[in-house]
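Throughout, read-outs are computed from the coordinates displayed, never taken from laboratory work. All figures in this text were calculated on a predicted structure; none of them were measured in a lab. Cβ sites come from the backbone with ideal geometry, for glycine too, and all protein chains shown count toward neighbours.
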Amino acid sequence: MLSFFVIFVTFLPASVLSCAATSAVTTPTTTLTCATCANAQVLTRAAAGEINPTITQTAGTNASGCRTITVTCANPGGNQVFFFWEEDGANRGTSTDGTTTVTRTLVCDSNGELVLTEPGPPPGNGIVNAVECLAAA
């Protein structure tokens, strides 16, 4: 009986170790469609007497995990700036704060499209994919 106990104890650690995990378990990740939007296209079509000040786009993420893009245009020359928004070449309106800087935040929606919410008046929102910043020269 003692020999059986010695044999059992001798092989016990090996059998326990053979049940140990040998590789990490990976969990697939899901990317939200609203996290995949690209930056807005920047248009530069200033006519005579106008300039296109530089547009900056800063990416972020909102509380829902959706991508946001903060679009800013500042005119160091001191003249008021305007955003002109487009969707696939169609006019989608203008934005201004009546100052030398204008900032708007676009939010990527569940269709992977950028949505501009304009504070107004009148307030409104719409899909955009291109922006131009204009100021008087």
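In plain terms, the chain from Thr61 to Ala48 could stretch by 0.8 nm, reckoned as 0.36 nm per residue minus the Cα-Cα distance. Determine, for Glu132, Glu50, the number of other Cβ atoms within 10 Å of each Cβ, and report the residues in order from fewest to most. The most exposed by this proxy come first: Glu50, Glu132.
Note on segment 38-136: dipole from Cβ charges, positive end direction compared against Leu43, Pro121, Ile55; the farthest Cα belongs to Ile55.
Report the full-extension gain for the segment Thr103 to Thr27: residue separation times 0.36 nm, less the Cα-Cα distance, to one decimal in nm. All intermediate terms of the calculation are to be shown ahead of the outcome.
On the way: separation 76, 0.36 × 76 = 27.36 nm, distance 3.90 nm.
That pair, Thr103 and Thr27, stretches by 23.5 nm at full extension.
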